[in-house]
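The values are calculated or read from the model by the stated rules, or taken from the named source; none is laboratory data. Computed from a prediction, not measured in an experiment: that's the story for all the values here. Glycine gets a Cβ as well: all are built from the backbone with ideal geometry, and neighbour counts include every protein chain shown.
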């Protein structure tokens, strides 16, 4: 065998060893992550020591959608005798009205067994504000954007454009309101009335929740609930929130008003599946995005603050 062949074989062998070394390192990392998560204690808890009292914390952020995994996690928190309170970090412009309603109901279930405090962050508006009503006490930063109390249903109508393009829409419905609102035909006053009744009913539900939970008169709530957003500093005297502050102030309130022991650890709870959490950590360590997040469409009625730049 020539000297050149020996060098070539040596290079191939070296490349093979490097590939196997990389695979082995990745396997060790995966094993370490899985092992760490398997010793995390209660389901969904990051770093929980079994048998030790703590304050559970969940984070609600981005667009709010129906989330059965989070609902199940909240039930675990409610049933966990070592979780002495629940702290909810709220940072969302809203989402579907059902998502806001469901989280509100889940928080009230937890509140029957232990204190629940809501901490608004950058924005907690629309459906997120609805959800915050499930907490026993709600605080925000002075610059937090909250409110945007209301409901909307959006559509577009392109019948004139379709006509110019020579496009004819064919729709067969079981009733005259089945396709209302439609993109392909004019929106009549009668149809507008039907849709308005739908939106008004959902809005009335939102208002009734605020009346009950914030102990305000219905007329006053409707005056405040015109869709505008408020800063935390504005929201406090309007009685839309209970105080100003962040996580530290939330702990102070729990210790002062609910007599929780001082110095309890706050533990972030995670409703994501273990495999998703694993790949997220690997992505952070390696700098490689392993899986992307699909675009999600909003169905149903929407309660969401829309920044002018996103409209």
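Could you check segment 200-224 and list, in sequence order, the residues that are surrounded by fewer than 16 Cβ atoms within 10 Å (Cβ to Cβ), modelled with pLDDT under 95 and touching a helix residue (DSSP H, G or I) at 6+ places or on another chain (Cβ under 9 Å)?
Scanning segment 200-224 gives a single hit, 205.
Going by the structure shown, is residue 65 under 28 Å from residue 120 (Cβ atoms) and modelled with pLDDT of 95 or more?
no
Somewhere in segment 256-272, is a residue at pLDDT 95 or above, in a helix (DSSP H, G or I), touching a strand residue (DSSP E or B) at 6+ places or on another chain (Cβ under 6 Å) and at negative phi?
no
Residue by residue, here is whether (1) touching a helix residue (DSSP H, G or I) at 6+ places or on another chain (Cβ under 9 Å); (2) in contact (Cβ under 8 Å) with a residue 12 or more places away in the chain holds:
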{"site": "130", "(1), (2)": "yes, yes"}
{"site": "138", "(1), (2)": "yes, yes"}
{"site": "155", "(1), (2)": "yes, yes"}
{"site": "162", "(1), (2)": "no, yes"}
{"site": "176", "(1), (2)": "yes, no"}
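Return the only residue of 146, 188 being farther than 26 Å from residue 127 by Cβ and modelled with pLDDT of 75 or more.
Numbers: 146 fails: farther than 26 Å from residue 127 by Cβ.
One residue alone meets the criteria, 188.
How about segment 225-244: which of its residues are crowded, with 17+ Cβ neighbours inside 10 Å and assigned to a loop (DSSP other than H, G, I, E, B)?
225, 236, 240, 241, 242
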